[in-house]
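Student: Questions regarding the structure given below will be posed in turn.
A short reminder: the numbers here are calculations on the coordinates, not readings from a lab. If you're wondering where the values come from, they're calculated on a predicted model, not measured in any experiment. Cβ coordinates were reconstructed from backbone atoms using ideal geometry, including for glycine residues, and neighbour counts include every protein chain displayed.
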Amino acid sequence: MLDDRARLLLKTLIERYIAEGQPVGSRTLSRASGLELSPATIRNVMSDLEELGLVVSPHTSAGRVPTARGYRLFVDTMLTTRRDAIVSATLPQDQPQKVIAQAAQMLSNLSQFVGVVVAPRRSSVFRHIEFLRLSERRFLVIIVSPDGDVQNRVVHTTVDYDQSQLQEAANYLNATYAGMTIEDVRERLKGEVERLRGEIVVLMQTAVEASSEAMKQDQEEVVISGERNLLSVSDFASDMTHLRHAFELFEQKAQLMRLLEVSSQADGVRIFIGGESQIVPFEELSVVSAPYEVDGHVVGTLGVIGPTRMAYDRMIQIVDITSRMVSNALSHNKGGS
């Protein structure tokens, strides 16, 4: 455990480093902390903190900078956030896609880093399904969700079906399975081969398979805004390898999804500091994220991605307020549809 003096010096060092981006020396710490300590005493404390893995001394400087472990201790035990009204922006309340896109942009603009929003997970439950013949061996599947969302998918088949057969299949699905998930319907159809004509079962299985794929493709969309902001971050400008790592993360959306999925399982704002685990594999990046809700149910996650040297107190406020705004906008939208 750190004593009060060591905690104050570590807190001061991290705050100065976040603000200025330069290794912090003993003389600066003595002045900034307000402690009546000699430079030699401060150097001894810094040596102890370095042994604990909380700070490190770059080869080019006598000063020290925080490590991922140091940032974690700072974030978990020393950070105090003020509930300032930091945003005056509003989000649209007409289309969920617009809400998500503008939320990502707002996160980016306020943080001056990268804003990320995972679009709401859609229910695969269908209220109504229709088949429309387009041409020979080709028809359109139209799926209507309980909240009125409509998805379309073109299906190609090995045999031709006329519109009456398509209508018969759609009528059976609507009468028998409406209100179930597409995945459950697909499983149930496997047992219907004996009771229904073979070609109709094959038709329905083909259509339901295509519907399931369509819903999976539309789910879990990651909206990213402000990647170019990282070009002006001094931590990255001096090392193109760091910048390349950051952009690789944005391209590998599956990895980003796994990271943000962890956030959706927790209440409130979560902070992931690069290098402390495999969740954020790049030491120079940190993520501040929070889940958002629709009618009390978590449906997605949003956050800010930036350098490890970021103003965490401000990022927490930005992410927290934006998550509340998105929750309100989407709940309002659902109630108005």
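Student: Dipole size in debye (nearest 20) for the chain around its Cα centre, Lys and Arg Cβ +1, Asp and Glu Cβ -1?
Tutor: 720
Student: Shifting gears a bit: Would you mind computing, in nm to one decimal, how far apart the modelled labels at residue 162 and residue 128 are, each placed 7 Å from Cα along Cα→Cβ?
Tutor: Rounded to a tenth, the inter-label distance reads 2.6 nm.
Student: Right, here's the next one. Is the C-alpha gyration tensor of the stretch 4-78 telling us rounded, prolate or oblate? Criteria: a/c under 1.5 is rounded; beyond that, a/b larger than b/c is prolate, otherwise oblate.
Tutor: rounded
Student: If neighbour count is taken as other Cβ atoms inside 10 Å, put 9, 140, 330 in order from fewest to most.
Tutor: Lowest count first: 140, 330, 9.
Student: Projecting each Cα onto the charge dipole of the chain (Lys/Arg +1, Asp/Glu -1 at the beta carbon, about the Cα centre), which of 326, 181, 170 comes out farthest on the positive side?
Tutor: The residue sitting most towards the positive pole is 326.
Student: Return the sequence-ordered ³J(HN,Hα) values of the stretch 143-155 in whole Hz as given by the Karplus equation 6.51 cos²θ - 1.76 cosθ + 1.60 applied to θ = phi - 60°, using x for Gly and Pro.
Tutor: So the Karplus estimates, Gly and Pro as x, are 10, 10, 7, x, 8, x, 5, 10, 10, 10, 8, 7, 10 Hz.
Student: Anything in the chain that counts as a DSSP H helix reaching 27 Å or more along its axis (C-alpha) with Kyte-Doolittle mean of at least -1.0? List them, would you?
Tutor: Values: long enough: 198-218 (30 Å, 0.12); 312-336 (36 Å, -0.30).
Both cut-offs are met by 198-218, 312-336.
Student: Can I ask one more? Of 262, 274, 21, whose Cα points farthest to the positive end of the dipole of the chain (charges on the beta-carbon: +1 Lys, Arg; -1 Asp, Glu; origin at the Cα centre)?
Tutor: The listed residue farthest towards the positive side: 21.
Student: Can you show me the helix-derived [θ] at 222 nm for the chain, built from DSSP H runs with n ≥ 4 at -39,500 (n - 2.57) apiece and divided by the number of residues, rounded to the nearest 500.
Tutor: Theoretical 222 nm ellipticity from helices: -15000 deg cm²/dmol.
Student: Show me, for the stretch 63-80, the HN-Hα J-couplings you get by feeding each phi into the Karplus relation (A = 6.51, B = -1.76, C = 1.60, θ = phi - 60°), rounded to Hz, glycine and proline as x.
Tutor: Result, ordered by residue: x, 10, 10, x, 9, 4, 5, x, 4, 4, 4, 4, 5, 7, 10, 10, 7, 10 Hz.
Student: Okay, moving on. Check residue 286: other-chain or 5+ apart residues with amide H under 5 Å from its amide H, H built from backbone geometry?
Tutor: Excluding prolines and chain starts, which carry no amide H, the hits are 274, 306, 308.
Student: Moving to a separate point now. What's the exposure ranking of 245, 59, going from fewest to most Cβ atoms within 10 Å?
Tutor: Fewest to most other Cβ atoms nearby, the residues stand as 59, 245.
Student: Assign one of three labels to the stretch 159-208, namely rounded, prolate or oblate, based on the Cα gyration tensor with a ≥ b ≥ c the square roots of its eigenvalues; rounded applies when a/c is under 1.5, prolate when it is not and a/b is larger than b/c, and oblate otherwise.
Tutor: Numbers: a/c = 1.78, a/b = 1.38, b/c = 1.29.
Note, shape of the stretch 159-208 comes out prolate.
Student: Can you tell me the dipole magnitude for the stretch 4-78 around its Cα centre, using point charges on the Cβ only (Lys, Arg +1; Asp, Glu -1), in Debye to the nearest 20?
Tutor: 100
Student: Is the chain best put as rounded, prolate or oblate by its Cα gyration tensor, with a ≥ b ≥ c the root eigenvalues, rounded for a/c under 1.5, and otherwise prolate when a/b is larger than b/c, oblate when not? Provide the component values of the computation, followed by the final result.
Tutor: Values: a/c = 3.31, a/b = 2.84, b/c = 1.17.
Taking the square roots of the gyration eigenvalues as a ≥ b ≥ c, the chain is prolate.
Student: Report the charge-dipole magnitude of the stretch 128-218 in Debye, nearest 20, computed about the Cα centre from +1 at each Lys and Arg Cβ and -1 at each Asp and Glu Cβ.
Tutor: 160
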